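Here is the structure we will look at, set down as structure tokens.
The values are calculated or read from the model by the stated rules, or taken from the named source; none is laboratory data. If you're wondering where the values come from, they're calculated on a predicted model, not measured in any experiment. Note that we place each Cβ from the backbone using ideal geometry, even for glycine, and neighbour counts take in every protein chain shown. For the accessible areas, the whole protein counts, side chains as well, though only heavy atoms, and no ligand, DNA or RNA atoms are used. Shrake-Rupley method; radii C 1.70, N 1.55, O 1.52, S 1.80 Å.
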Amino acid sequence: MANLKKNLIYNILYQISMLIIPLITAPYISRVIGAEGVGVYSYSTSVANYFALFMLLGVGNYGSRTIAQSKQNKELLSKNFCEIYFFQFICSVIVIIIYVLFIIFAADNNYKIALALQFIYLLSVAFDVCWYFTGSEQFKIIVTRGIIVRFAEVLLIFLLVKTRTDVYKYILIMTLGTFVSILCLWSIVFKQVLFKRVSFRSLLPHIKPNIILFIPLLATSVFNLMDKIMIKLINHDISAVGIYEYSEKIVKLPLSVILAIGTVMLPRISNLIANNEIKGADNYFKLTMKYLGILVVAMAFGIAAVAPTFSVVFYGNEFRECGKIITVLAVILITASWANIIRTQYLIPTYNEKIYTISVIAGAVVNLILNFIFIPLLGAYGAAIGTIGAEITLCVIHTVGVWKKIQIWEHIFCWIEYIVIGILMFIVVRLVGSHLADSIISLILQIGIGGLVFIISVIILLLIKKDEFLFGVLKSKK
């Protein structure tokens, strides 16, 4: 339990640093390279990430689960690591060759330089072994190196990115940072893993489970990456890509903290289930669902409430439209967090990937249909509608899929209570914001009032329900 708490703290600390860094750089970048520059970065990154998917396949989740289940046996752990990484390396070489051919023969001439710089990012993916450290629950190593590299990126951005033409410098800094952070991990791997000769035959048992876990990742990529690519291809408006990128980023930054908890819990739950400790795994699921819902709803409605003021104060007038898109997109914080808890703490650890696969494929289909309908009409707003439709579809199917297996209805009722409080906070904050000009003071005031309303309301709710945790804290202070 103590080790789990440390891992949660490390991973949340890392994700918070990932929140702080964009908060430091985004206002500067948005004003220096503008919506068009941000669009170039976003488009090239989305394309590179699409190729990266085929390099990793399902290694992220599969590798973490496999290492978690074999970490007590160094021989078996080393064997699994070597086989899984060799599989990843073969896929990476094939995809990198295809990517180079794509840049030479198929890429838009206006974006070839940006796409070429993303080659460094693909090299990072080829050497990425974060799944090993996640599975062996060594989060401190990932966190410390990651934070150091990210803050070095911030320094370089302020030193080197000065004008709108420096968008390529920005891409280079971001890709090199990722590459360095990944390479640093290998010095630890060489000390911990006994490297063994791997045959192609030994890879065969890993192919099927990898592909099974890859299918939902590929489908998920449709509404995580394809929306920006489709805005560019359908509307031919690179500035709209930049506006959508920064709208989505603000929503997904706090979501990364929620997903970090799932990243920590996946290997722990997998290990408990492998050792037949079902009750322990069930308790973790219930605690996460109960208390994480408070944080999720607070962030979703809080971000939506301050979005109009925040977008102008943070990004500048060129990104004013972000306020409306952020308000719409904020709902995915709730749906994506709900689905992530079910996925990482039940479906994947219990090998119920079928439900996960069906849900994300259905979500991808919904996303593509909505994108083709609404992007030509509404541009970035259309992409937001497509993303929300996909996330709701995924969330509903996840829920229906586990309805008879776990007591999910209790958690649904609990989250509905939090949502009612979130709506109350949203109304209060918007009323306050409507009487104030867009400024830092106004933003701080809205955040403070909203936070106060939500916290007081949640405490009252927990007191009424006689919540064990809250009453335990109150008793300890007496």
- By residue number, the members of the range 146-186 that are open to solvent by 70 Å² or more (accessible area, probe 1.4 Å), within 17 Å of S44 (Cα to Cα) and among the aromatic types (F, W, Y) are Y168
- Task: Only residues that are assigned to a helix (DSSP H, G or I), touching a residue at least 24 places away in the same chain (Cβ under 8 Å) and surrounded by fewer than 23 Cβ atoms within 10 Å (Cβ to Cβ): list them for the range 314-326, please.
- Result: F314, E318, K324
- With respect to T25, determine if the residue is modelled with pLDDT under 90, closer than 28 Å to F314 by Cβ and among the polar types (S, T, N, Q). yes
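Residues of the range 180-215 being hydroxyl-bearing (S, T, Y) and either free of Cβ contacts under 8 Å to residues at least 12 places away in the same chain or out of contact with any helix residue (DSSP H, G or I) (no Cβ under 9 Å at 6 or more places or on another chain) (or both), which ones? If you could, list the steps in order and put the result at the bottom.
Within the range 180-215, the subset hydroxyl-bearing (S, T, Y) is 181, 187, 199, 202.
Matches in the range 180-215: S187, S199.
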- Note on the structure: Flagged in the range 348-381 as under 14 Å from L217 (Cα atoms), surrounded by fewer than 24 Cβ atoms within 10 Å (Cβ to Cβ) and not basic (K, R), in numbering order, are I348, E353, I355, T357, I358, I361, A362, A364, V365
- Task: Please verify whether the range 382-401 includes one or more residues that are outside any helix (DSSP H, G or I) and surrounded by fewer than 20 Cβ atoms within 10 Å (Cβ to Cβ).
- Result: no
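Just checking, how many residues over the range 327-342 are open to solvent by 30 Å² or more (accessible area, probe 1.4 Å) and either in contact with a Cys (Cβ under 6 Å, 6 or more places away or on another chain) or without any contact (Cβ under 8 Å) to a residue 60 or more places away in the chain (or both)? Steps first, please.
Here is the first cut: in the range 327-342, the ones open to solvent by 30 Å² or more (accessible area, probe 1.4 Å) are 327-328, 331.
Now narrow it down to the ones that are either in contact with a Cys (Cβ under 6 Å, 6 or more places away or on another chain) or without any contact (Cβ under 8 Å) to a residue 60 or more places away in the chain (or both): 327.
Count: 1.
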- Which of the residues spanning the range 43-88 are closer than 30 Å to A114 by Cβ and of a type in the set (S, T, N, Q)? S44, T45, S46, N49, N61, Q88
- Looking at this structure, is V95 of a type in the set (V, I, T), within 24 Å of the chain's Cα centre (by Cα) and over 30 Å from L233 (Cα atoms)? no
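Can you list the helices (runs of 4 or more DSSP H) found entirely within the range 157-253 that contain at least 3 residues being closer than 21 Å to E83 by Cα? Before the answer, list the steps.
Working: elements: 167-192, 200-224, 226-230.
Once the helices (runs of 4 or more DSSP H) in the range 157-253 are filtered for at least 3 residues that are closer than 21 Å to E83 by Cα, what remains is 167-192, 200-224.
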- Subset of the range 228-243 that is farther than 17 Å from N317 by Cβ and touching an Asp or Glu at 6+ places or on another chain (Cβ under 8 Å) - its residue that is surrounded by the most Cβ atoms within 10 Å (Cβ to Cβ): I231
- Query: I369 fails exactly one of the following numbered conditions: (1) over 20 Å from the mean Cα position of the chain (by Cα); (2) in a loop (DSSP other than H, G, I, E, B). What is the number of that condition?
  - Reply: (2)
- Scan A114, A68 and give me the residue that is open to solvent by less than 10 Å² (accessible area, probe 1.4 Å) and modelled with pLDDT under 90. A68
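The rows are residues; the columns are (1) outside any helix (DSSP H, G or I); (2) surrounded by 14 or more Cβ atoms within 10 Å (Cβ to Cβ); (3) touching a strand residue (DSSP E or B) at 6+ places or on another chain (Cβ under 7 Å).
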{"position": "L431", "(1), (2), (3)": "no, no, no"}
{"position": "I449", "(1), (2), (3)": "no, yes, no"}
{"position": "L452", "(1), (2), (3)": "no, no, no"}
{"position": "I455", "(1), (2), (3)": "no, yes, no"}
{"position": "V458", "(1), (2), (3)": "no, yes, no"}
{"position": "L461", "(1), (2), (3)": "no, yes, no"}
{"position": "K466", "(1), (2), (3)": "yes, no, no"}
- Message: If S256 satisfies all but one of (1) at pLDDT below 80; (2) in contact with a Lys or Arg (Cβ under 8 Å, 6 or more places away or on another chain), what's the number of the condition it fails?
- Response: (2)
- Query: Within the range 71-96, can you find the residues that are closer than 14 Å to F133 by Cβ and open to solvent by 50 Å² or more (accessible area, probe 1.4 Å)?
  - Reply: K71
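Right, A307: part of a helix (DSSP H, G or I), open to solvent by less than 30 Å² (accessible area, probe 1.4 Å) and at pLDDT 85 or above or not? Let's see the steps before the verdict.
Values: part of a helix (DSSP H, G or I): yes; open to solvent by less than 30 Å² (accessible area, probe 1.4 Å): yes; at pLDDT 85 or above: yes.
The answer is yes for A307.
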- Item | Members of the range 312-340 found to be β-branched (V, I, T) and more than 21 Å from the chain's Cα centre (by Cα), listed by number | V312, V313
- Task: Of the numbered conditions (1) outside any helix (DSSP H, G or I); (2) touching a Ser or Thr at 6+ places or on another chain (Cβ under 6 Å); (3) closer than 24 Å to Y43 by Cα; (4) not β-branched (V, I, T), D128 fails exactly one; give the number of that condition.
- Result: (2)
